[in-house]
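Q: The structure that follows is given in the form of C-alpha cells.
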Amino acid sequence: MTGYGRRLSPLRFPFRLSSAPLWKTAVALASACLLTPLTTGCGALPGVGDADGAVTVMTWAPADTSATNMPGMPAMAQAYARWVNSRGGLGGRELRVLTCNEGNDPARAADCARRAVDEGAVAVVGSYSRNSRAALPPLEAAGIPYIGGYGVTDDEFSSPVSYPVNGGQSALLAGNGIQLAGVCERVSLVRPDSVSDSVLSALLNSGLAEGDRRTAADIPAAVDAGEYTEAALASRSRAGTSGGCVTAALGERTAHFFDSFRRLPPDGRRVRVASVLGSVDQPLIDRTGGARGPFEGAYVTGWYPESGDPRWGRMRDVIRAHAFDDDRIDPADTGVQTTWIAYTVLSQAVASLGEDAPVTSEALLAAFTRGVRVDTGGLTPELRWRYQDMLGEPDFPRMVNRQVTFQVVRDGRLVAQRKGFVDVAGTMRKASL
C-alpha cells in the first residue's frame, strides 16, 4: 500500500479527467482519424469495443515476481468469461478478456494500460497494481473505466475513471481498530516504515477510540526486512503484560513478521495477534500451519464475508466448472474474490445499457454516472457510484463501499466473529480531521 497520506481535493464530477492535455490530445487524434480514415498510424479508437459486437476488457496483475503476485485474478477473469460465454455472453455479446502481467513495475503497468487502449478495451476490470500512478493516466486520457481494482493504492479512490468495490486498506485499518477495541486492553500496530503509511495509525486509533481504548503503539518496520525480531519484541512489550494485542499490516511481509513474533522467547505475556485481509487470508493461514500456525485465534478485518460463506457459492460453482483445474485460482484468495465482484459489476453495467445498445467505455461511464445499481448477492452492500454515494473525504473521495467484516481464525479457518457488515465511514472521517 502506498500514498495514503497524500491529501486530495474531493472530485465533484466523475467524468472530469485529471489530465486535460492528454485528454485533449486523445480527442484531437480521434477526430483526425475520423476525418481521414485512410491515414496511417491512427489505429483503433480507444474504448469503442469490437466491430463484431464483442465486449473486450482487460485484467492485469503481477505474476512471477519476487514481490506480491496475484495470478489468480486474471485466471478468475478468464474463467468468468468462459462461464458467461457458455450462457450466451453479456446480453448476447461475447466477453473477451485480455490479460497482462504488470510485473510490479511502473513501466510494465503503464504498458498494460496502453495495450488496453490500443486493443479497444472498454474497461479494465478486477485488477491489482501498486503502480496506479503509472497505469491510470492512459485510462484517464482515453476515458476507459477501471472497475473493481484491488484497492491497494490511494489513486484508486481518487481517479475520475476508477470505480472501487471495497474500501481499500484505509477501511480495513479503521475497522480493525473497532474490532480490537472490544477485545484488547492495549494494542501495538506494526506497519510499513514510510511517511505515506503513517496514516494507518490514525485510522486504527480512530477505531480504538470508539471503544474508549488508548491509542496504539506505533511501530514502523521495513517492508523488505529478512526478519522482524526487533519489531516483534517492541510490539509485544508495548502491548502490555496481559490483555494486549499486536496487529500487523505489512502486506506480503506480514507472515514474516509473525514468524519472528512466534519465535520470541516466552516472557509470561499473553498477547493476541491480529491483522487485515490482504495481509492475512485463508491461503496464508493454510500455508503456515492452519490451526497449529501463528494465526490461530487471530482477529482479522476483511472487506467481504468469510470464504466459507454460502454467498460465494456461485463463484465456487463457476470455478469448478470453468477453471479446468487451474491451480492459480483459490476461491479463498481475496484477489480472486475481488475479481469476481468486479466482473459482477461489469455484467450488470452492461445489462443496464440494453440489448441493442453498443457497449463502449463512454457508455459504461455514463451508466455509472446515472447511478446503475449493482447487487453482488450480499458479498458487498449494494454498489452505486453517483457523486452523492461517494464518501467525499479528501484522502478517498470516490469510496462508495465503507463496510467491513470482522473475522477470527478458529481451528485454522477464518470464520465470522460478528455477523453482517460494519460501517466505518464515521471512523474514517474522524481520522482525517
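Q: In deg cm²/dmol and to the nearest 500, what is the mean residue ellipticity at 222 nm of the chain if only DSSP H runs of at least 4 residues count, each as -39500 (n - 2.57), divided by the residue total? Before the final figure, lay out each step's value.
A: Details: 13 runs with 153 residues, N = 433.
Using -39500 (n - 2.57) per qualifying helix, the result is -11000 deg cm²/dmol.
Q: Moving on to the next point. Work out which helices of the chain, taken as complete DSSP H runs, extend at least 27 Å along their axis over the Cα atoms and score a mean Kyte-Doolittle of -1.0 or more, then list them. All intermediate terms of the calculation are to be shown ahead of the outcome.
A: Working: long enough: 334-353 (29 Å, 0.81).
Helices meeting the span and hydropathy rule in the chain are 334-353.
Q: Follow-up question, since we're still on this one. At a Förster distance of 56 Å, what's the computed FRET efficiency of Ser196 paired with Phe324, Cβ-Cβ distance as r, to 0.05? Could you put the intermediate results ahead of the total?
A: Details: r = 40 Å, r/R0 = 0.72.
My answer for the efficiency is 0.90.
Q: Ok, one more. Roughly how large, in nm² to one decimal, is the mean projection of the convex hull of the alpha-carbon atoms in segment 184-223? Spell out each step's value before the answer.
A: Details: hull surface 10.3 nm².
Dividing the Cα hull surface by four gives the mean projection, 2.6 nm².
Q: Given the peptides 93-99, 338-344, 210-216, 162-168, arrange them by the average over their residues of other C-beta atoms within 10 Å, most packed first.
A: On the way: 93-99: 19.6, 338-344: 27.7, 210-216: 15.9, 162-168: 26.0.
By packing density, highest mean first, the sequence is 338-344, 162-168, 93-99, 210-216.
Q: Something else now. How would you rank 184-195, 243-254, highest first, on the average number of other Cβ atoms within 10 Å across their residues? Working shown, then result.
A: Numbers: 184-195: 21.5, 243-254: 23.2.
Top of the packing list down: 243-254, 184-195.
Q: Of all accessible surface on the chain at a 1.4 Å probe, what whole percent is carbon and sulfur?
A: Whole-percent figure for carbon plus sulfur exposure: 50.
Q: Please report, in whole Å³, the volume per residue of the convex hull around the C-alpha atoms of the chain. Don't skip to the answer; put the middle values down first.
A: Details: hull volume 57.5 nm³, N = 433.
Enclosed volume per residue, from the Cα hull, is 133 Å³.
Q: If you stretched the chain out fully between Ala416 and Ser66, how much longer would it get, using 0.36 nm times the residue separation minus the C-alpha to C-alpha distance?
A: Details: separation 350, 0.36 × 350 = 126.00 nm, distance 3.23 nm.
Full extension of this stretch gives 122.8 nm more.
Q: How long is the gain from Thr215 to Ala357 if the chain were fully straight, where each residue apart is worth 0.36 nm and the alpha carbon distance is subtracted?
A: Working: separation 142, 0.36 × 142 = 51.12 nm, distance 5.39 nm.
Full extension of this stretch gives 45.7 nm more.
Q: Listed highest first by mean packing, meaning other Cβ atoms within 10 Å per residue, what order do 73-81, 412-420 come in?
A: Numbers: 73-81: 26.2, 412-420: 15.1.
So the order, starting with the most tightly packed, is 73-81, 412-420.
Q: Further question: Stretch Arg287-Arg87 to full length: gain in nm at 0.36 nm per residue minus the Cα-Cα span?
A: On the way: separation 200, 0.36 × 200 = 72.00 nm, distance 3.59 nm.
Difference between extended and current length: 68.4 nm.
Q: Which FRET efficiency value, to the nearest 0.05, is calculated for Asp389 and Glu119 with the Förster distance at 45 angstrom and r the Cβ-Cβ distance? Could the numbers behind the result be given before it?
A: Values: r = 31 Å, r/R0 = 0.69.
About 0.90, to the nearest 0.05.
The values are calculated or read from the model by the stated rules, or taken from the named source; none is laboratory data. From a predicted model like this one, the values you see are computed outputs, not experimental measurements. So basically every Cβ, Gly included, is an ideal-geometry build from the backbone, and we count neighbours across all protein chains shown. We work out accessible area using only protein heavy atoms, side chains counted, and drop any ligands, DNA or RNA first. Shrake-Rupley method; radii C 1.70, N 1.55, O 1.52, S 1.80 Å.
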